[in-house]
Amino acid sequence: MKYGLFLAILLSGAAQAQTQTVACHITYGGATRVIEAAPVSTPYTVPTVEVGSYFLFRLVFEAGTAIKAYVYADRDSGPVPLHQASFDYPVQNAGRYGFSGQHFVYEPVRDGELQYWCELRP
């Protein structure tokens with residue numbers, strides 16, 4: 001009986017995740033844009049998104065399990081990880097900066113700043 005209840009809860013969470021998306025509000029160079037992600041079954045195919053001329057942002061919503069945000073420096077030799085945040089799913093938006101709170105990431109070369117926060121959308 002324990003396994004049946006566990007499976008029902010797990011499937012319920014996965015079904016709920018299929019109807020939701022994650023939206024991250026990214027501010028860089030005085031401009032804000034929103035990157036949205038739908039649930040995926042495998043994180044390996046999710047691409048990065050260019051933010052300005054130096055940052056790459058990757059948002060992964062693993063169906064029913066986790067939400068992950070990555071920030072990379074886009075260098076000539078290839079992407080270099082600067083920041084990674086993981087959030088167990090399900091999450092709840094809590095206040096002005098969604099479920100993630102506000103994050104600040106700094107360029108190690110040009111002294112620029114990227115800010116982001118993420119929310120769950122129905």
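Values in this text are rule-based calculations from the coordinates and carry no lab data. Treat the numbers as computed from the prediction; the structure is a model and nothing was measured. As a convention, Cβ positions derive from the backbone with ideal geometry for all residues, glycine included, and neighbour counts pool all protein chains shown.
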Using a/c under 1.5 as the rounded threshold, could you call region 17-76 rounded, prolate or oblate? The axes a ≥ b ≥ c are square roots of the C-alpha gyration tensor eigenvalues, and prolate needs a/b larger than b/c, oblate otherwise. oblate
Give me, ordered by chain and number, the residues 5 or more places off residue 101 or on other chains with an amide H under 5 Å from its own placed amide H. 118
Projecting the Cα atoms of 71, 30, 61 onto the charge dipole of the chain, where Lys and Arg contribute +1 and Asp and Glu -1 at Cβ, the residue farthest towards the positive end is 61
Longest span of the chain, sites excluded, free of trypsin sites (Lys or Arg not before Pro) in DSSP loop with at most 16 other C-beta atoms within 10 Å? 1-95
For region 99-104, take each phi angle, set θ = phi - 60°, evaluate the Karplus expression 6.51 cos²θ - 1.76 cosθ + 1.60, and give the result in whole Hz per residue in order, putting x for glycine and proline. 8, 8, x, 8, 10, 10
Cα gyration tensor shape of the chain, rounded if a/c is under 1.5, else prolate or oblate by comparing a/b with b/c: prolate
Let me know the charge dipole size of the chain about its Cα centre in debye, to the nearest 20, where only the beta-carbon of Lys, Arg (+1) and Asp, Glu (-1) is charged. 340
With springs connecting C-alpha atoms under 10 Å apart, model the chain as a Gaussian network and identify which of 26, 35, 67 has the largest mean-square fluctuation. 35
With x for Gly and Pro, the residue-by-residue ³J(HN,Hα) of region 106-117, computed from phi through the Karplus equation 6.51 cos²θ - 1.76 cosθ + 1.60 at θ = phi - 60° and given in whole Hz, is 10, 6, x, 10, 9, 6, x, 10, 10, 10, 8, 8
